Amino acid sequence: MNQLKRHGLLIVGLTSAFVAQAETQWVTVAKSNESIQCESAGISPKTMKKELTEAKIPAKHARCGTDGMLYSAVCGAETGRLNLFDIPAKKLGDASELGFQPLGDWPDASEAPCEEEVAFEGNAAEISITGIGPAVDGKAYRKVLKTIGNAVADNVISRFIVYGYGVEGGFSGCVQEGRFAQPNAFSDVIKKLRAINADPSTTAYSVTAVDKCETSAPEINGVE
């Protein structure tokens, strides 16, 4: 009888150990950093990690990578850069809902050194945030307006021109650096705008460098 008890305790102990091990297994997930050649260095791993932590998904070992695909060297094209994180395997489903995928889904992907964020060197930028069928991402839209509003109040932005409003919400317009803005202040505002994550399933969002803001509205798809 005692021998059976010992065997039973051993089985229970091994089962508990296997369960504990399964619960603490980690997997690597990846997501595009949304960088654009000549325009944006994309979302940093540190910033993107907040998407996971805010969804109560533990994340560690934030790093950079590439999807291994070839892209034409032309301004405005994608870069294939990825942000990588290790998360608990049991949280993979939750992470997938946020757009993260197992690294194995990219057969040619690999880790790569992170590229330094390139400072914004222009003095104007065109901003477009509009709904693409569903309504515009309200949270992202409010963040864009708040960021611009704060910059105007701080005299970093002297001109904010709205070209038009999206059919499904949002707007397209242009911001221009103020004459008395502190060095790098306008670049910092643009960096904050580019770090805003709009839901790509509902919203088209871009921040593009231009020489100056147009006085008349250019023709833009999805904007009236």
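Structure data summary
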quantity: Highest-first arrangement of 172-181, 139-148, where packing means the average Cβ count within 10 Å; calculated: 172-181, 139-148
quantity: Relative exposure of Tyr205, Tyr165, judged by other C-beta atoms within 10 Å (fewest first); calculated: Tyr165, Tyr205
quantity: Relative contact order for the range 25-111, counting Cα pairs under 8 Å that sit 6 or more residues apart, in percent; calculated: 42
quantity: Ratio of Rg to Rh over the range 25-111 (Cα coordinates, Kirkwood Rh, two decimals); calculated: 0.98
quantity: Low-density loop positions, chymotrypsin sites (Phe, Trp or Tyr not before Pro), the range 21-87 - DSSP coil, at most 16 other Cβ in 10 Å; calculated: Tyr71
quantity: R0 of 35 Å, Cβ-Cβ distance Val27-Ser158: FRET efficiency to nearest 0.05; calculated: 0.15
quantity: When each of Lys56/Lys212; Lys90/Lys139; Lys49/Lys212; Lys60/Lys192; Lys90/Lys191 is checked by Cα-Cα distance, pairs over 32 Å; calculated: Lys56/Lys212; Lys49/Lys212; Lys90/Lys191
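Read-outs: derived from the displayed coordinates by stated rules, not from any lab. Because the structure is a prediction, the values reported are computed rather than measured. Don't worry about glycine lacking a Cβ; one is built from the backbone with ideal geometry, like all the others, and counts go over all protein chains shown.
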